[in-house]
Each structure stands twice: as C-alpha cells, then as structure tokens.
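Structure record follows, encoded as structure tokens.
The values are calculated or read from the model by the stated rules, or taken from the named source; none is laboratory data. It should be emphasised that the depicted structure is a prediction, and the values quoted were computed from it without experimental measurement. As a convention, Cβ positions derive from the backbone with ideal geometry for all residues, glycine included, and neighbour counts pool all protein chains shown.
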Amino acid sequence: MTTNATGGRVAIVTGGGTGVGKAAALALLGDGWRVAIAGRRKEPLDEVVAQANADGRAMAVPTDVTDPASVEALFATTAKSWGRVDLLFNNAGVGAAAGPLEDLPLEQWKRVVDTNLNGMFYGIQQAFRQMKAQTPMGGRIINNGSISAHAPRPSSIAYTATKHAVTGMTKTAALDGRKYDIAVGQIDIGNAATEMAMRMAKGVPQANGEIAIEPLMDVNIVGQSILYMANLPLEANVLFHTVMATKMPFVGRG
C-alpha cells in the first residue's frame, strides 16, 4: 500500500480498546502503521496507546459508532493528523443477552442493530468518502464478520442477523469500491480469547441442548490475520478470511 508524506500507512481501528480491536491495533503499530484507536471509553484507548509505546504513531479517538457525526469526526481527526486513511478495521460490535427470541427486549435488539449494522455502515461510508478524495486514491476496509455470519448459536438472533448483514455489506462495498481502488474484505473470527468469548471456557449452549466447553485461541493470532490482510497490495483482496480455534464446534455445528 502507498505510504504518505507524514511517515507511513494510516489505519483506523474501531472497538480498539479491548479484545480483537486491541490486538489488531497493536499488530499494526508493531508493523510501523499509524493507528487511530477508536472506542466509546477513553481510558482503555489510552491504555492501548501507552502499551504500544509507538512514538506518536498511536492516537486515541473516543468515538460512538452509533452516531454518524462521531464517526465523521473520527475520520476528519485522522485525516487532519496524518493526511489520509489507508485502512479501516471496522470492528466495533456488541451482543444481546442470550434468551428466547420472543422475550428479547426491543431496546437490546435496537442496540445491537445500531452498533453492528448501522455503525459498520457509517464507517464504510466515511471510509469511501475519504479514500475517494485522497491522493493517491484508494485504501482498504476490513469488516469484522464472525463465525455467526455463517452459522448461529442458540438464542442469538440479534447478533446473528447483524453479522449476516455484514456479509452483504462487505460484498456490496467490495463491488462498489472497485473503481476507486478501495478493497473491501471480511474477517470471520471463531473463539478468540477475549473478554466477550471467555464464557466459552466455562461451557456454552450447543444446538442439541447440551452445555459444552469450547476451545479458544490466542487473540493475537487474529491481530496477525488483520495485519496480513492489511499489508496486501490494493491489486489483491481477501474477500473472506476465517480464523478460528482449530477444535471449536463450527464445521458440523448442530
């Protein structure tokens, strides 16, 4: 990918204060990227910046991805600071409490849709605007799908519906981005050891009604996957990349 005059490739990582986003931000910073780390809470963002010790190449940008104006400000701040945006890792996401779908509170449904679907669209839209306008034109977007973009877990209708929708956005944005040298791909992650996934180690419901402990993988493996996708030249794109704990019950789920 093309470097800029201010000292290297520029990435935005949403949901960057914890989990997969943190692992991705640290992997990119370790490879010399400049990274705007976005998330709702400033304290975890500052902790990642401090941990990276990246000599000014990391910047915390508190952002609410459910607010279009906040996402627009994230891109404006990044472009003003570093001249362009080469990569968006569109990662921020939430789930709803497990339970019968007929009992799912509507406010939880709306929160998941607003974050996982609307928030991801706002990121794609701002990335397109910035990447079309900059010189040289183009860049890359990596959307965080999930194993749930392919197969649901029990009692997960809000999360699964939004992650299936992410696949549609990835395909459409990949098509629409061709003429602007914008490559769009998706990473589908299974059982990375993050706070969100640690319940797998205690046992989670399976499709047959059993409760089973599921294997986890080091979240830094996901960071390296993001780095691989990010470092491809724009003439190549990983449209879909699945990285998962080898022995998790995905293939043959149910």
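Could you check Gly252 against (1) farther than 21 Å from Gly19 by Cβ; (2) modelled with pLDDT under 85; (3) crowded, with 18+ Cβ neighbours inside 10 Å and say which number it fails?
(3)
Filter region 124-146 down to the residues that are assigned to a helix (DSSP H, G or I), crowded, with 21+ Cβ neighbours inside 10 Å and out of contact with any helix residue (DSSP H, G or I) (no Cβ under 6 Å at 6 or more places or on another chain) and list them by number.
Across region 124-146, the qualifying residues are Ala127, Met131.
Could you say which residue among Leu29, Leu45 is surrounded by 18 or more Cβ atoms within 10 Å (Cβ to Cβ), under 15 Å from Leu227 (Cα atoms) and modelled with pLDDT of 95 or more?
Details: Leu45 fails: under 15 Å from Leu227 (Cα atoms).
Sole residue among the options that is surrounded by 18 or more Cβ atoms within 10 Å (Cβ to Cβ), under 15 Å from Leu227 (Cα atoms) and modelled with pLDDT of 95 or more: Leu29.
Which of the residues spanning region 201-235 are over 14 Å from Gly190 (Cβ atoms) and β-branched (Val, Ile, Thr)?
Correct list: Ile211, Ile213, Ile226.
Take Glu214 and decide whether it is farther than 21 Å from Gly17 by Cα, acidic (Asp, Glu) and exposed (fewer than 11 other Cβ atoms within 10 Å of the Cβ). Break it down into steps so the answer makes sense when it comes.
Values: farther than 21 Å from Gly17 by Cα: yes; acidic (Asp, Glu): yes; exposed (fewer than 11 other Cβ atoms within 10 Å of the Cβ): no.
Criteria not met by Glu214.
Return the residues of region 162-205 that are assigned to a helix (DSSP H, G or I), surrounded by fewer than 17 Cβ atoms within 10 Å (Cβ to Cβ) and among the aliphatic types (A, V, I, L, M); say none if nothing qualifies.
Leu175, Met198, Ala201
Does Asn220 qualify as being touching a residue at least 40 places away in the same chain (Cβ under 8 Å), of a type in the set (S, T, N, Q) and not in a strand (DSSP E or B)? I'd like the intermediate steps shown before the answer.
Values: touching a residue at least 40 places away in the same chain (Cβ under 8 Å): yes; of a type in the set (S, T, N, Q): yes; not in a strand (DSSP E or B): yes.
Against the criterion (touching a residue at least 40 places away in the same chain (Cβ under 8 Å), of a type in the set (S, T, N, Q) and not in a strand (DSSP E or B)), Asn220 qualifies.
Condition test on Ser146, is it hydroxyl-bearing (Ser, Thr, Tyr) and modelled with pLDDT under 95?
Numbers: hydroxyl-bearing (Ser, Thr, Tyr): yes; modelled with pLDDT under 95: yes.
It is true that Ser146 is hydroxyl-bearing (Ser, Thr, Tyr) and modelled with pLDDT under 95.
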